[in-house]
Amino acid sequence: MHNINYKHLHYFWVVAKEGSIARASEQLHLTPQTISGQLSLLEKSIGKKLFSRSGRNLVLTEAGRVALEYADDIFLLGAELQNVLANRADEGNPLRLSIGITDVIPKLIAHRLIEPALQLDEPVRIICLEDSFDNLLTKIATHKLDVVISDRPIRPTMNVRAFNHHLGGCGITFFAAPQLAAKYQPEFPHSLDQAPMLLPVVGNAIRREIMQWFDSLGIRPIIVGEFDDSALIKTFGQAGVGIFTAPTVIKKDVEQQHNVVAIGSTDKIHEAFYAISPERKLKHPGVIAINDSAHKNVFPDN
């Protein structure tokens with residue numbers, strides 16, 4: 001066996017990930033003929049076939065599967081090194097921290113979680129991107145983000161090389177504009193039967209828990225609005241359109257900021273929060289600060 005040409009190995013890695021030479025050629029901006037030729041040279045240098053053909057599809061051989069495992073480690077570690085070096089603060093320049101926030105995370109929670117990263121001894125510049133869970137996972141997998149703050153973890157079935165770090169969680173509180181709150185506070189939670197309700201859209205994790213809790217109590221609210229933006233749902237709630245929920249840990253902030261009143265709280269519905277990072281052991285000082293403060297200050301009872 002000759003020494004491995006790592007450029008050829010990278011071409012193999014992209015082909016294996018994309019599933020075809022044609023799609024890999026688009027990613028690499030090379031002709032299919034060039035990639036095919038480089039793969040042949042790689043197979044010749046290691047003395048093993050890496051792919052077999054099944055119709056028009058390429059299928060990894062046993063040697064190919066072994067090579068892919070090592071290529072995953074090599075190129076993902078390389079991307080991690082590049083990311084770490086890019087984020088290190090040079091003299092006179094701030095440390096860069098790229099944060100993805102899923103669009104269902106309350107802005108007050110996001111601020112409280114992220115703020116400790118700005119209190120480090122070295123200067124920090126944060127870049128915050130709000131998007132859907134799936135889109136942010138794509139960015140964390142390609143090392144375009146240092147961390148994603150989410151209300152749900154990555155499941156083992158998701159094909160993403162990233163790791164969950166549980167930050168904590170709490171129960172939820174129901175809020176409404178003062179006049180509406182006064183009407184539904186007595187006999188909570190059964191008072192919520194037939195009450196006008198503002199909920200996250202179908203598919204949201206906390207929405208499922210709320211509806212299951214309502215069902216267990218025989219409560220049938222009137223859903224007057226569904227939202228995929230946590231800030232917008234509070235704006236409609238503040239306007240008196242209906243009742244909405246928020247994590248109990250920010251109860252006082254929600255009341256003060258949105259001029260609403262808490263109707264009642266429950267711990268039967270638990271809202272959890274996670275930091276999702278590209279590495280199992282946290283390395284970025286800003287992400288470490290977020291994780292540590294979440295356990296000590298934001299969710300100290302978890």
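Filter the range 111-168 for residues that are in contact with a Ser or Thr (Cβ under 9 Å, 6 or more places away or on another chain) and polar (S, T, N, Q); which is farthest from residue 270 (Cα to Cα)?
The extreme case among them is 119.
Tell me, which residue of the range 17-38 that is among the hydrophobic types (A, V, I, L, M, F, W, C) and surrounded by fewer than 20 Cβ atoms within 10 Å (Cβ to Cβ) is farthest from residue 78 (Cα to Cα)?
Top of the filtered list is 22.
Mind counting the residues in the range 58-100 that are modelled with pLDDT of 75 or more and farther than 22 Å from residue 136 by Cα?
Matching residues across the range 58-100 total 16.
Condition first: surrounded by 15 or more Cβ atoms within 10 Å (Cβ to Cβ) and either assigned to a strand (DSSP E or B) or among the β-branched types (Val, Ile, Thr) (or both). Now tell me which residues in the range 39-60 satisfy that.
Once the filter is applied, which keeps residues that are surrounded by 15 or more Cβ atoms within 10 Å (Cβ to Cβ) and either assigned to a strand (DSSP E or B) or among the β-branched types (Val, Ile, Thr) (or both), the range 39-60 yields 46, 51, 58, 60.
For the range 144-161, which residues satisfy the criterion of being surrounded by fewer than 21 Cβ atoms within 10 Å (Cβ to Cβ), of a type outside the set (Lys, Arg) and more than 15 Å from residue 205 (Cα to Cα)?
Within the range 144-161, 156, 157, 158, 159, 160 qualify.
Go through (1) assigned by TED's automatic domain parsing to the domain that holds residue 228; (2) under 10 Å from the mean Cα position of the chain (by Cα) and name the single condition residue 204 misses.
So the condition that residue 204 fails would be (2).
Got at least one residue in the range 241-248 being hydroxyl-bearing (Ser, Thr, Tyr) and in contact with a strand residue (DSSP E or B) (Cβ under 7 Å, 6 or more places away or on another chain)?
Yes.
For the range 15-62, name all the residues that are over 21 Å from residue 3 (Cα atoms) and of a type in the set (Val, Ile, Thr).
21, 31, 59
Let me confirm something: among 287, 249, 224, which residue is assigned by TED's automatic domain parsing to the domain that holds residue 174 and crowded, with 18+ Cβ neighbours inside 10 Å?
Exactly one residue qualifies, and that residue is 249.
The values are calculated or read from the model by the stated rules, or taken from the named source; none is laboratory data. The model shown is predicted, which means the values in this text are computed figures rather than measured ones. As a convention, Cβ positions derive from the backbone with ideal geometry for all residues, glycine included, and neighbour counts pool all protein chains shown.
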